[in-house]
Amino acid sequence: MTKDILIRGFDDSTHFELGKKSDQMGVSINSIVKDAVEQWLDKKIHVPHVHDLLIYSDEKSMNGFLNSLDRMTSSTEWFKSFAAPPKHHTEKVLSKLNWYNGTVKPYKPHGEDGSKYCGKVIQNITKASTKKPLCCVDFVITDVANNSFTQAMKLEKQYDDARLPGLMFCPYKASDLMNSDITDMIELFLMHDRIFVLKNDDIYKLHITKESIHKIFLN
């Protein structure tokens, strides 16, 4: 039994171009859309293991992002979870939205046992997810970076080498990044799949590529 699909944001110009292409190919628009959807589904059989970086300057920008993320993942199979220091501003926001708090008590992510503690947090979230793909935001790394950027880099490397299925977002305050060594900053950028900058209600995606000097003079 076939179903009708409503595609939001499908403007007149796109529909017109698609109509022209369907006439040239001698197939219906429905067939083209159906083929595109089937190809997309074939590519999404495996759950992605995504490791993303979030850069934010204030609580308002972060809270707006979290609310948008919650709306996007509502009525889906994503396991919405987070970890945060005690009394962190996001704890109230995400708990109200029924996100799972994987923070382990007592809270001890700093010092020599920091890696073990963060490992326990990951294990806690993984166990609670019951094998559902994660949509996780880790504010413990924000706290660690505020105290020791070197330690935060170590934890990032450990997670990057053993990623979990789903989406892992690592938020950093812009001020912490600006105070870090430029070499460490670039390394942090490169070990993440995508870099997003949050400003008020807007999200900007950064692209980092290594270039040679002669390309500066090329168009």
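The values are calculated or read from the model by the stated rules, or taken from the named source; none is laboratory data. In this text, all values refer to a predicted model and were calculated from it rather than measured experimentally. Positions of Cβ are generated from backbone atoms using ideal geometry, with glycine treated the same way; all protein chains shown enter the neighbour counts. Side chains are part of the model used for accessible areas, which takes the heavy atoms of the whole protein and leaves out ligands, DNA and RNA. Shrake-Rupley method; radii C 1.70, N 1.55, O 1.52, S 1.80 Å.
A few remarks follow.
- Amide H partners (placed H, <5 Å) of Cys135, local residues excluded: Phe79, Lys80, Ser81, Leu167
- Residues of segment 69-97 with amide N under 14 Å of a point placed 7 Å along Cα→Cβ from Ser175: none
- The accessible-area ordering, largest first, of the residues Glu187, Glu156 stands as Glu187, Glu156, per a 1.4 angstrom probe.
- Given R0 = 45 Å, the distance between the Cβ atoms of Ile7 and Ile208 translates into a calculated FRET efficiency of 0.85.
- Label assignment, Cα extents along the principal axes in Å derived from the structure, set (1) 54, 39, 29; (2) 44, 44, 33; (3) 67, 53, 32: (3)
- All lysines inside 19 Å of Lys131 as judged from Cα atoms, apart from same-chain residues fewer than 8 positions distant: Lys44, Lys80, Lys120
- For the peptides 80-87, 61-68, 158-165, 208-215, residues were scored by their other Cβ atoms within 10 Å and the scores averaged per peptide; the highest-first order is 80-87, 61-68, 158-165, 208-215.
- Going by accessible surface with a 1.4 Å probe and the largest first, Ile195, Ile5, Ile29 read Ile5, Ile29, Ile195.
- Surface per residue (accessible, 1.4 Å probe) for segment 150-219, Å²: 68
- Backbone geometry of segment 99-107 corresponds, through the Karplus equation with coefficients 6.51, -1.76 and 1.60 at θ = phi - 60°, to 3J(HN,Hα) couplings of 7, 6, 9, x, 4, 8, 10, x, 7 Hz, x marking Gly and Pro.
- Among the protein heavy atoms of the chain, carbon and sulfur supply 55% of the accessible surface, probe 1.4 Å, non-protein parts ignored.
- Across segment 70-158, the mean sequence separation of Cα contacts (distance under 8 Å, 6 or more residues apart), normalised by length, yields a relative contact order of 36 percent.
- Scanning the chain for long hydrophobic helices, with DSSP H runs required to stretch 15 angstrom or more by C-alpha along their axis and to average at least -0.5 on the Kyte-Doolittle scale, returns 29-43, 114-129.
- Entries of Lys34/Lys199; Lys157/Lys199; Lys60/Lys210 with Cα pairs more than 29 Å apart: Lys34/Lys199; Lys60/Lys210
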